[in-house]
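This report refers to the structure that appears directly beneath it.
Bear in mind these aren't lab numbers, they're just calculated from the coordinates by the rules spelled out. Treat the numbers as computed from the prediction; the structure is a model and nothing was measured. Every residue, glycine among them, receives a Cβ derived from its backbone with ideal geometry; neighbour counts consider all protein chains shown.
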């Protein structure tokens, strides 16, 4: 069953975007490389990563960006649209290794979060602005960003 | 010598450089694979009927996915345009710094996009571990009708 569509009138400045939980794994890095076309060995080859001074293989910044996009698109629903999106890959994140063919080892869990900072009607568009970020297991914002979305309005 | 700029004339001269256009094909399979890789089961990216019910002609791309290159080399954050020169200047450690994007028209399965990239800016900053070079590559995506569907600004950090 389709989720109830979020409308402009439903959104309050200061309220939160529903949190999205993610676990970065080496397996996810391989899937992301294949699907996105980013085959930088920094994300799957220990020796190469050592030469780059990152302290080990790191999660693709663009994958964390895609998590944040999902945070936003899950929240705005089928009739909402992303107008602007930005994020910075400030802190490095290290994927969990795999314990079995399908299950990650114990370790860190990442949380994608957001807060609504502004809403306004501009050129007939009902716009909502929010701050968004990825938080690592220690609660540090490794990937801060922002988004502007267009929502449908209840009143024409 | 610590105060000397690491931005050589050769690097500075790259500002404004345009890349060869890249043709991107937006296919249903590529959209689904991408969404699966994110762990995103949004029906707009998987089920054609759901996308149509929401008013789209076909599956749409998660914002930030541009399909798969069928002509020309995809530049990950424009890396291939600047990579060689940065490495030549002794900056071997290259990281993705982030993105700033504007979306005008939803990209959907069946679209053929042409991506034009240019080096918008190259600047130097002092970081915790020494000098770093920030390069911004701006890519404009046009669809088969000649409409600008999105602009992506990617920052690459070299140190």
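Each label point is 7 Å from the Cα along the Cα-to-Cβ direction; what then is the distance between the points at residue A:3 and residue B:92, in nm?
Here the modelled spin labels are 4.6 nm apart.
Angle between the Cα long axis of helix B:79-88 and the longest principal axis of chain B, 0 to 90 degrees, nearest 10?
Taking the Cα atoms of chain B, the angle to B:79-88 is about 20 degrees.
Give the angle, between 0 and 90 degrees and rounded to the nearest 10, that separates the Cα long axis of helix B:28-38 from the longest principal axis of the Cα atoms of chain B.
The answer is roughly 60 degrees.
Taking each residue in A:38-45, count the Cβ atoms of any other chain within 10 Å of its Cβ, then average. What number comes out?
2
What is the distance in Å between the Cα centroid of segment B:123-159 and that of segment A:14-82?
Segment B:123-159 and segment A:14-82 have Cα centres spaced 18 Å from each other.
When ranked by the protection proxy of mean other Cβ atoms within 10 Å per residue, highest first, what sequence do the peptides B:37-43, B:6-12, A:144-150 form?
A:144-150, B:37-43, B:6-12
Take chain B, connect every pair of alpha-carbon atoms lying under 10 Å apart with a spring to form a Gaussian network, then pick out the residue of B:103, B:45, B:134 with the largest mean-square fluctuation.
Comparing B:103, B:45, B:134 in a Gaussian network model of chain B, the most mobile one is B:103.
Using only atoms on other chains, find how many Cβ atoms lie within 10 Å of each Cβ of peptide A:55-62 and report the average.
That average works out to 3.
Pairs of alpha-carbon atoms within less than 8 angstrom and 6+ residues apart define the contacts here; what relative contact order does chain B have, in percent?
Relative contact order comes out at 29 percent.
Mind jotting down the distance between the C-alpha centroids of segment B:1-54 and segment A:120-156, whole Å?
Here the two parts' Cα centres lie 20 Å apart.
In degrees between 0 and 90, to the nearest 10, how far off the longest principal axis of chain A does helix A:61-76 point, with axes built from Cα atoms?
30
Between residue B:32 and residue B:128, what FRET efficiency comes out of the Förster formula 1/(1 + (r/R0)^6) with R0 = 35 Å and r the beta carbon distance, rounded to 0.05?
After rounding, the FRET efficiency stands at 0.30.
Using the Cα atoms of segment A:8-150 to build a convex hull, what is its mean projected area in square nanometres? Walk me through the numbers before you get to the answer.
Working: hull surface 38.6 nm².
Projected area, direction-averaged: 9.6 nm².
Sequence gap at least 6, Cα distance under 8 Å: using those rules, report the relative contact order of segment A:8-150 to the nearest whole percent. Show your work: numbers first, answer last.
Values: 268 pairs, mean separation 43.6, N = 143.
Computed value for segment A:8-150: 30 percent relative contact order.
Taking all pairs of distinct Cα atoms, average 1/r, flip it, and tell me the Kirkwood hydrodynamic radius of the protein assembly as shown in Å to one decimal place.
Taking every pair of different Cα atoms in the protein assembly as shown, averaging 1/r and inverting gives 20.4 Å.
What is the calculated FRET efficiency for residue B:10 to residue A:118, with r their C-beta to C-beta distance and R₀ = 51 Å, to the nearest 0.05?
Computed FRET efficiency for residue B:10 and residue A:118 comes out at 0.75.
Using a Gaussian network model on chain A with a 10 Å cutoff between Cα atoms, which of A:43, A:60, A:126 fluctuates the most?
With Cα springs under 10 Å in chain A, the top fluctuation among A:43, A:60, A:126 is at A:126.
Looking only at other chains, what is the average number of their beta-carbon atoms within 10 angstrom of each beta-carbon in A:25-35?
Details: counts 0, 0, 0, 3, 1, 1, 6, 5, 1, 3, 11.
That average works out to 3.
Which of A:35, A:66, A:78 moves the most in a Gaussian network model of chain A with Cα springs under 10 Å?
So, out of A:35, A:66, A:78, the one fluctuating most is A:35.
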